[in-house]
Structures are given as structure tokens and as C-alpha cells.
Amino acid sequence: MQSQKKVEDLLKQYPLCDSCLGRQFSSEHRSLDYASTGRDLRQQAGLTNTAEQQQQKQKPCYICGSLLSSLDRYVELVVNAVKGYEFSSIIIGAKIPISITEKEDHLRAEMKLRGGETVKTNFTGELNRVVSRRLGVEARHHVPDITVVIDTLIDHAEVTPRPLYVFGRYVKTQRGIPQKRRRCLECRGEGCPKCNLTGYSTSDSVEQRLSEPLLNLFKAGKVKFTWLGGEDTDSLVLGRGRPFYAEVSEPMVRKPSNLESVMQAVNGAIALKEISILEGVPSSDRGFTVTFESNAALDQPVAEDVVKKLETAFTGAAVTMTPPGRSSLTKKIHKLTVESVEGDDKKRLRLRVECDGGLSIRRFLTGENSEVKPNVAEVLERKVVLDESAPFDILDVGFET
């Protein structure tokens, strides 16, 4: 009887739709949805067919205006907005005028109602329920494939697909191709006509050759690479290839039927050797090993027995790498093999090294800036100069996904 009296008092002062009425008494009628609760309360209070109530029902709801009664329109807005996207789960949020929330707070305070969910939660809950059934997908709060936010002021739906992650390996069989795209010197990455508004130079790179096929495959807006190590522009990458992760943003396609086709699209001086879609965000701190071969010139001749000391000094040993302005890192040299000491003057040295990933190969060989200690130049007591046309080649990168 007490709630019936409150319903009567409430409806005498405020025109409310069934959902907004039922939501104020949801704790007492938990088995019903808000609209059904509102209809039952109105009927129990004997206010269903009175002339006053019929007149009041013609007025916009004091709390939501016509928001909840316009649910079908917003359902169509979402359905049209997500056309063309591939997804199996969705979550829909909403931006509603703050005045709606304030009106509900005012009404509850004045009428001393505990209420339940807010009008926004009510609206988005119904929207998720109806849309998910309509499209045959799951309404999921935790990592949905696609997120839609409705702006009820301007009837606009903003669609944000969840990024997906790709693992792959590439080989590089031609020197002179950098790994990363260079920022446009004209606009410094801001985007200008010279760089086609991309912010990047149009010159060749591994990143550029991989990006376009991935963007086309997933019909995506952007791709961002995380490389497991890097090589010089004039180095080759051979063997199984260098591993990388790619974050594919704004994908319209999540499960392409022709995933391997991207390997055919990236085939030549830069070739894609492996590609797979990952289940989640990849770990960024997993270790890997690198096997490389280098050709270096020494400033003084050196006997083969002296050079062989390199194998003893470094195989199984740890070196310390101290990049400028950063903390020191310890890297292990798993194996160092002197393949040959060449030239009549015994000044050309060919090495094969297996080491932890992330080691600066150039500085390990030359001792440049003393950033890696000990280093080859230090142990030989000779100046080591790399052949800049072919400084070192990556023979293999050991890494398990």
C-alpha cells in the first residue's frame, strides 16, 4: 500500500513513461523488466484508464523525454552503423544529456525514492539486449570485438572495433632497405601533401612493404609494428626471418578466409615467411636470440691463434651494454666462432655469433663509444671497422610464440 500511495503521488506530479516509473520501484519488483513493472504499478494504483492519466501519458516523460520510447530508432542507428564489420560480440554505450540524469536525481530526492539503475543504464541495457538478439551476437562488457557509443543529442553512432594482433616473420634479401619508415622531413610527421598526409616518407622500407597488404587484408585503418630486434639498412635477414608483432587498428575483417594471401602479396626483396592471428595482446618482454655473421677489417694484422682467443673469451660469457642515458643491460654471447682470417695482410675477420636479442651488434664488434664491454675490438686490441656496404647479416632469430 505504501508503494501504491507513492506511485499515485509521483504520477500526480510527474508524467513518466512505464520504464522510468518501474525503475523507481525496481527493488520491490525484481522479477520484471522496468516497463512491465511500470505498467503493473500504474494498473494496481487504478491509474491506467483515468482521463487524467491518459492525458498525462500524451506528455513527454519528465525524466527521459522520449529516449526510452525511441529505442527502436536507436537500434536501427546501431545496426546501420556496424554494417560491413565482422564481429561476434558487441557492447553499446551512450552519451545522454546531463539534464536527464539531474531530473531523475531530483525526482528521487524529492519523493524519497531509493530507485535502482539510472536511466542511462536502463537505456544501454535495453539497447544491448535488443541489438545483440537482432544481430545474433553476444553482448559482452569484457573485451568485445566492437564498441558502439550512441550520442543521443545528435543521433550519431561511433563504432570502435577492438584491435587485433598478428605475429609474423620476414626475410630481407636485398641491401639498402631500412626496417622502419622514416618520418617526413617536410612536416616532421604531422602530414602534408608531400607525404600524402601520412606523416612518413614515401621511400622504401620493410614497414611500408608489410603495412599495405595487412591494411588491405583486414580492411583496417592503421597498423603498428613491434620488431623483435633490428638490423642495419645494408644488412640481410635470412633463415626463418625476423619475428614481429603488428597491432591492427580499426579492422572491419577479423577472421580473413585468405590469411596466407598476404604472404603472396609480400614476396620479393622483402618476403613474409609466416603470418598468424594471435588470441590476445602479445607479451612485450619475451626473450629471443640472434645469430649473425659479420665481415670486419682490422687496422693491424693479427695471427689466427690470437683471433681464436675470441672464442674462449666470449662463448658462454656475458657482456654489459650501457646505452646513453639508460640503465645497463646484461646480454649473453651463447657462441662465437671465428670463421676465417682473410687477406694477405691478415686484416679481414669473419665471425659468426649467437647472442641474446637486443645486443647492439655494431657496438659489440667495434667497441664504439664503449657502450658494450667487453667487445671484440677491446679483446683483440685492434680497431675494428665494419664494411658499411655489408656490415653484418642476420642468419637466424630464435623465438617461440
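Laid out as a table, the results:
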read-out: Any hit, the range 254-264, residues being assigned to a helix (DSSP H, G or I), on the phi < 0 side of the Ramachandran plot and more than 24 Å from the chain's Cα centre (by Cα); value: yes
read-out: Exclusive hit being in contact (Cβ under 8 Å) with a residue 12 or more places away in the chain, surrounded by fewer than 20 Cβ atoms within 10 Å (Cβ to Cβ) and not hydroxyl-bearing (Ser, Thr, Tyr), set 179, 208; value: 208
read-out: Hey, residue 36 modelled with pLDDT under 90, part of a helix (DSSP H, G or I) and of a type in the set (Gly, Ala, Ser) or not; value: yes
read-out: Residue identified as without any contact (Cβ under 8 Å) to a residue 24 or more places away in the chain and either in contact with a Leu (Cβ under 6 Å, 6 or more places away or on another chain) or not in a helix (DSSP H, G or I) (or both) among 318, 271, 297; value: 318
read-out: Answer residue from the range 367-401, given it is crowded, with 19+ Cβ neighbours inside 10 Å and without any contact (Cβ under 8 Å) to a residue 40 or more places away in the chain and is nearest to residue 322 (Cα to Cα) among those; value: 367
read-out: Pairs where the first residue, in the range 222-243, is in the same structural domain as residue 199 (by TED's automatic domain parsing) and surrounded by fewer than 22 Cβ atoms within 10 Å (Cβ to Cβ) and the second is among the aromatic types (Phe, Trp, Tyr) and part of a loop (DSSP other than H, G, I, E, B), C-beta under 8 Å, 6+ apart; value: 228/288; 228/399; 229/288
read-out: Some residue of the range 189-200 being surrounded by 18 or more Cβ atoms within 10 Å (Cβ to Cβ) and either in the same structural domain as residue 93 (by TED's automatic domain parsing) or under 24 Å from the mean Cα position of the chain (by Cα) (or both); value: yes
read-out: Every residue from the range 148-189 that is assigned to a strand (DSSP E or B), touching a helix residue (DSSP H, G or I) at 6+ places or on another chain (Cβ under 7 Å) and not hydrophobic (A, V, I, L, M, F, W, C); value: 170, 172
read-out: Checklist (1) surrounded by 13 or more Cβ atoms within 10 Å (Cβ to Cβ); (2) over 12 Å from residue 92 (Cβ atoms); (3) free of Cβ contacts under 8 Å to residues at least 60 places away in the same chain applied to residue 144, failing item; value: (2)
read-out: Every residue from the range 119-140 that is under 21 Å from residue 80 (Cα atoms) and in contact with a strand residue (DSSP E or B) (Cβ under 8 Å, 6 or more places away or on another chain); value: 123, 124, 127, 128, 129, 131, 132, 135, 137, 138, 139, 140
read-out: Qualifying residue in the range 254-263 (condition: farther than 14 Å from residue 396 by Cα, of a type in the set (Lys, Arg), in contact with a strand residue (DSSP E or B) (Cβ under 7 Å, 6 or more places away or on another chain) and modelled with pLDDT of 95 or more); value: yes
read-out: Hey, residue 326 more than 30 Å from residue 285 (Cα to Cα), surrounded by fewer than 15 Cβ atoms within 10 Å (Cβ to Cβ), assigned by TED's automatic domain parsing to the domain that holds residue 373 and not hydrophobic (A, V, I, L, M, F, W, C) or not; value: no
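Residue by residue, here is whether (1) of a type in the set (Ser, Thr, Tyr); (2) at pLDDT 95 or above; (3) surrounded by 18 or more Cβ atoms within 10 Å (Cβ to Cβ) holds:
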residue	(1), (2), (3)
76	no, yes, no
92	no, yes, yes
95	no, yes, no
107	no, no, yes
135	no, yes, no
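Residues checked against (1) of a type in the set (A, V, I, L, M); (2) over 25 Å from residue 241 (Cα atoms); (3) assigned to a strand (DSSP E or B); (4) over 42 Å from the mean Cα position of the chain (by Cα):
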{"site": "301", "(1), (2), (3), (4)": "no, yes, no, yes"}
{"site": "326", "(1), (2), (3), (4)": "no, yes, no, no"}
{"site": "350", "(1), (2), (3), (4)": "no, no, yes, no"}
{"site": "362", "(1), (2), (3), (4)": "no, no, no, no"}
{"site": "377", "(1), (2), (3), (4)": "yes, yes, no, no"}
{"site": "382", "(1), (2), (3), (4)": "no, yes, no, yes"}
{"site": "385", "(1), (2), (3), (4)": "yes, yes, yes, no"}
{"site": "390", "(1), (2), (3), (4)": "yes, no, no, no"}
{"site": "393", "(1), (2), (3), (4)": "no, no, yes, no"}
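The values are calculated or read from the model by the stated rules, or taken from the named source; none is laboratory data. Computed from a prediction, not measured in an experiment: that's the story for all the values here. For neighbour counting, all protein chains shown are included, and Cβ atoms are generated from backbone atoms with ideal geometry for every residue, glycine included.
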